[in-house]
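Peer 1: Please see the structure below; I have some questions.
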Amino acid sequence: MTDRPDRDVTEEAEEVLEHLEVAHHEGIDPIEPPRGVIKVLHAIRLGIERVTSVTGSLSMVLAWVVFGLGLFNVITRYVARFISRDIIVGQIFDLQWMTFGALFLLGFNYGVREEVNPRIDFWWANFKPRTKAWIDLILHVTLLLPFLWVALAVTWNYAATALGRTFDNRWLTWRVWEVWERSTDADGLARGPIKLLLFVGFVLFASQIVAQVIKSGFVLIGRKDLADMTSHVAPVRIE
Amino acid sequence: MDVGVFLSMVMFVVFIAMILIGYNVAFSFAATSLAFSFIGDMLGVFDPTRLSVLPNRWFGAVSDPNLLAIPFFVLMGAILERSGMAERLLTAIGMLMGPLKGGVAAAVIIVGTLLAAATGVVAATVIVMGLLSLPAMVRLGYDHKLATGVIVASGTLAQMLPPSLVLILLAQQMGVGILGLFAGALLPGLLMSGLYVLYAFGISYAKPGTGPAMPKSERSLTGGILALEVLFSVIPILLLIVAVLVSIFLGIATPSESGAVGVAGALLLAVGAYFTDKFLVARGATHITPKWRLTYKTLKEAGRSTANISILVMTLLFASTFFSYMFLILGGSDATANWLANIGGGKTGFVVVSMIAVFLLGINLEFLEITFIVVPIFVPAMDLLGFTNAEKIWFTVLMAVNLNMAFISPPVGFSLFYLQSVAPPEVKTADIHKGALPFMVLQGVALTILAFFPGIVQASFDIFTLAE
């Protein structure tokens, strides 16, 4: 029931999916070199997105690490049952969810840049690029960045406490690993680092939003060539 | 009306307005919540020091063992979709059932069901079936509406049958166990699949010309090779499904650990496909060329989709956590819960109203948004009405069926979109949209049956929660 017996449908499907999934970056080659303030902003934007690319690739690798840890866990559990001896490694279980945490916390910025989060493109699809840039710029600056500021403040407080800062805001030692929050389980991993990662995640998130604001600004001053805006052919698949 | 409650209602309206103009949904959650925490502070109904509990809630999401299942099942699906399995199943079962009227359509549904239980990936299933079966059905003279309808409907079953992202997220938001929800959704999912098969055969026999039988000249696979192909394609996937679901249902492994087993199984299956193909070719099969599937690119792409989907879901979850917290503190939750609980008709009234609401939202929104927007509103009302855990699972299954309709409801359903991207030119978009309608009716029928006979979900739950 295939059309051509020799054709490789899986590969074809993969190409279609890739075409649908890949975010299209517009205006990567600048028409004229940026000068003055624009040059500085452009450099800041590029610097931020370099970090984004690195953490984005890292989260891809972490997906496989999470799998490796999960598989290790299953195997040790079965072996433990088989030889009826307790070799379940609590640390690995903790490491597993912490790695998953790292996967998406370090990927927040990548998600923002690649627009993996959905928009309702009911009207959006028909807006002009300038209208889109205005909507994003205004809402990013007036509401989202303040939110991220609040988020940074509260998560920093949370992380600092977990890293051993005392309630009267003193740091007892710079060697935080001696005083950071331990696990409530006997063989669990310390909670300090993952709580710090919550803060780091929001730092990355906020930095990429700054880059998005700069890019929207470029679109509005007519330098779309510098903006490298992401657009999708399709809604990103979410299942 | 209380100032806080009024504010929370305004907050909701502002949020809807913001997502309608196309601002990122996750950002809209965060932005409106921040704005209204500020306004609430000025009007003296919100104490900003309460914001310091947010990290604790976020950390709860990071360390939630149920959400940990997401990367495993996504990775498993991403590998399977590149393993060539869908292709083999479609060829084998299509050839097997082709001689019957409507047989190819039924084969598509059966393959869709098998893939659904193994992967939970809608897009890939719809696209592969669209590339492979749609041209074949068009050539055989199938009615275009029937041909497209079976593809979108059965591809979308991936969301209904465990393991699926929809069920994992619904379980997390509803506060029911993943195991229980998976068990409760299994029979209802099979019920839907059964209704689709009945419809495909029914209409093909009732209306001549909608689903003709495959002529002899089309049957390129026969006899021993066909039998082997059926065995080689069906047995591994059945083993994989059984391994994953049984290890969850027996309580041997947590859902995430079963996911790990599933990923390992998917890798094995992709490797095994190469050797069975070689074996078949050695036996004289000409319809395939053996191909090594586990390339570096495949592994990289699989990691990429896993990261993308995890980031997407968790960003939304973080933002909606803030939103539902504000909604709670301002008093909106209590107010809507009271309103929903006193809507008349008790539990029945609530179920009817909420199902209508979800259906209406489903016309324009996708399942993720619906899950994160309405479930936090429903849960307090359900607690107020005294829903037991079993009733919560039943309600969640109803919601899953309802969300299934959102996937294929024209004009914005995801599945329709995927099929459009690969449909041959003679299949019109209008046909794809019209083709989905009878299947939406069937989903509606399934929803009604399950609503009137909660025993089906209960039975499914009782049969498959083998642990107790």
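Peer 1: B:GLY444: in contact (Cβ under 8 Å) with a residue 40 or more places away in the chain, open to solvent by less than 50 Å² (accessible area, probe 1.4 Å) and not in a loop (DSSP other than H, G, I, E, B), yes or no? Show your work before the answer.
Peer 2: Values: in contact (Cβ under 8 Å) with a residue 40 or more places away in the chain: no; open to solvent by less than 50 Å² (accessible area, probe 1.4 Å): yes; not in a loop (DSSP other than H, G, I, E, B): yes.
So B:GLY444 fails the test.
Peer 1: If I filter segment B:260-277 down to residues being under 18 Å from B:GLU87 (Cβ atoms) and open to solvent by less than 20 Å² (accessible area, probe 1.4 Å), which single residue comes out as farthest from the chain's Cα centre (by Cα)?
Peer 2: If we take residues in segment B:260-277 being under 18 Å from B:GLU87 (Cβ atoms) and open to solvent by less than 20 Å² (accessible area, probe 1.4 Å), then B:ASP277 is farthest from the chain's Cα centre (by Cα).
Peer 1: Then there's this: As an exercise: evaluate B:VAL108 against (1) open to solvent by 10 Å² or more (accessible area, probe 1.4 Å); (2) more than 8 Å from chain A (Cβ to nearest Cβ) and give the number of the one condition it does not meet.
Peer 2: B:VAL108 satisfies all of (1) open to solvent by 10 Å² or more (accessible area, probe 1.4 Å); (2) more than 8 Å from chain A (Cβ to nearest Cβ) except (1).
Peer 1: Out of all the residues in segment A:142-171, which are over 20 Å from the mean Cα position of the chain (by Cα) and open to solvent by less than 20 Å² (accessible area, probe 1.4 Å)?
Peer 2: A:ALA160, A:ALA162, A:LEU163, A:GLY164
Peer 1: State whether the residues of segment B:75-94 include one that is touching a residue at least 40 places away in the same chain (Cβ under 8 Å) and hydroxyl-bearing (Ser, Thr, Tyr). Break it down stepwise before answering.
Peer 2: Quick first cut of segment B:75-94, residues touching a residue at least 40 places away in the same chain (Cβ under 8 Å) only: B:75-94.
Pick out the ones that are also hydroxyl-bearing (Ser, Thr, Tyr) and you get B:83, B:91.
For segment B:75-94, residues touching a residue at least 40 places away in the same chain (Cβ under 8 Å) and hydroxyl-bearing (Ser, Thr, Tyr): present.
Peer 1: Among A:ARG77, A:ARG50, which is the only one that is free of Cβ contacts under 8 Å to residues at least 40 places away in the same chain and either within 9 Å of chain B (Cβ to nearest Cβ) or touching a Pro at 6+ places or on another chain (Cβ under 8 Å) (or both)? I'd like the intermediate steps shown before the answer.
Peer 2: Working: A:ARG50 fails: either within 9 Å of chain B (Cβ to nearest Cβ) or touching a Pro at 6+ places or on another chain (Cβ under 8 Å) (or both).
The conditions single out A:ARG77.
Peer 1: Going by the structure shown, is B:ALA17 aliphatic (A, V, I, L, M), surrounded by 15 or more Cβ atoms within 10 Å (Cβ to Cβ) and in a helix (DSSP H, G or I)?
Peer 2: Working: aliphatic (A, V, I, L, M): yes; surrounded by 15 or more Cβ atoms within 10 Å (Cβ to Cβ): no; in a helix (DSSP H, G or I): yes.
When the stated conditions are applied, B:ALA17 does not pass them.
Peer 1: Same structure again: From the residues in segment B:369-393 that are farther than 25 Å from B:ILE463 by Cα and within 17 Å of the chain's Cα centre (by Cα), which one is surrounded by the most Cβ atoms within 10 Å (Cβ to Cβ)?
Peer 2: Within segment B:369-393, the match that is surrounded by the most Cβ atoms within 10 Å (Cβ to Cβ) is B:THR371.
Peer 1: A follow-up question, please. Please indicate, with yes or no, whether at least one residue in segment B:401-414 is of a type in the set (A, V, I, L, M) and surrounded by fewer than 19 Cβ atoms within 10 Å (Cβ to Cβ).
Peer 2: Initial filter on segment B:401-414 (of a type in the set (A, V, I, L, M)): B:401, B:403, B:405-406, B:408, B:412.
Among the residues that remain, those that are also surrounded by fewer than 19 Cβ atoms within 10 Å (Cβ to Cβ) are: B:412.
Yes, segment B:401-414 contains at least one residue that is of a type in the set (A, V, I, L, M) and surrounded by fewer than 19 Cβ atoms within 10 Å (Cβ to Cβ).
Peer 1: Counting just the residues of segment B:120-150 that are touching a Leu at 6+ places or on another chain (Cβ under 8 Å) and β-branched (Val, Ile, Thr), which one comes out farthest from B:PHE407 (Cα to Cα)?
Peer 2: For segment B:120-150, the residue satisfying everything is B:VAL128.
Peer 1: I'd like to verify a number: residues in segment A:174-206 that are more than 23 Å from B:ALA319 (Cβ to Cβ), open to solvent by less than 30 Å² (accessible area, probe 1.4 Å) and either away from chain B (no Cβ under 12 Å) or assigned to a helix (DSSP H, G or I) (or both), how many?
Peer 2: Qualifying residue count, segment A:174-206: 2.
Peer 1: Are any residues in segment B:81-105 within 9 Å of chain A (Cβ to nearest Cβ), closer than 18 Å to B:ARG293 by Cβ and more than 17 Å from the chain's Cα centre (by Cα), and if so, which ones? Even if it seems obvious, please write down each step before you answer.
Peer 2: Of the residues in segment B:81-105, the ones within 9 Å of chain A (Cβ to nearest Cβ) are B:81-87, B:90-91, B:94-95, B:98, B:104.
Subset that is closer than 18 Å to B:ARG293 by Cβ: B:81-87, B:90-91.
Hits for segment B:81-105 are B:ARG82, B:SER83, B:GLY84, B:MET85, B:ALA86, B:GLU87, B:LEU90, B:THR91.
Peer 1: Okay, next question. Any residue at all in segment B:329-351 that is surrounded by fewer than 22 Cβ atoms within 10 Å (Cβ to Cβ), more than 19 Å from B:PHE12 (Cα to Cα) and of a type in the set (S, T, N, Q)?
Peer 2: Yes.
Peer 1: Can you name the number of the only condition in (1) surrounded by fewer than 17 Cβ atoms within 10 Å (Cβ to Cβ); (2) within 11 Å of chain B (Cβ to nearest Cβ); (3) within 30 Å of A:MET229 (Cα to Cα); (4) free of Cβ contacts under 8 Å to residues at least 40 places away in the same chain that A:LYS128 fails?
Peer 2: All conditions are met except number (2).
Peer 1: Contact list please: Cβ distance under 6 Å, first residue in segment B:387-404 and closer than 18 Å to B:GLN443 by Cα, second residue surrounded by fewer than 24 Cβ atoms within 10 Å (Cβ to Cβ) and of a type in the set (Phe, Trp, Tyr), pairs at least six apart or on different chains.
Peer 2: The qualifying pairs are B:ASN402/B:PHE359.
Peer 1: Moving on to the next point. How many of the residues making up segment B:119-138 are more than 9 Å from chain A (Cβ to nearest Cβ) and not in a helix (DSSP H, G or I)? Let's see the steps before the verdict.
Peer 2: Taking segment B:119-138 and keeping what is more than 9 Å from chain A (Cβ to nearest Cβ), we get B:119, B:125-126, B:129, B:134, B:138.
Okay, now just the ones that are also not in a helix (DSSP H, G or I), so B:119.
Looking only at that region, the number is 1.
Peer 1: Between residues in segment A:100-113 that are more than 7 Å from chain B (Cβ to nearest Cβ) and closer than 10 Å to A:GLY56 by Cβ and residues that are assigned to a loop (DSSP other than H, G, I, E, B) and polar (S, T, N, Q), which pairs lie under 6 Å by C-beta distance while being six or more apart or on different chains?
Peer 2: none
The values are calculated or read from the model by the stated rules, or taken from the named source; none is laboratory data. In this text the structure is predicted, and so the values were computed from the model without any measurement. Using ideal geometry, Cβ is built from the backbone for each residue, glycine included, and neighbour counts are taken over all protein chains shown. Areas reflect the complete protein model, heavy atoms only, side chains present, ligands, DNA and RNA absent. Shrake-Rupley method; radii C 1.70, N 1.55, O 1.52, S 1.80 Å.
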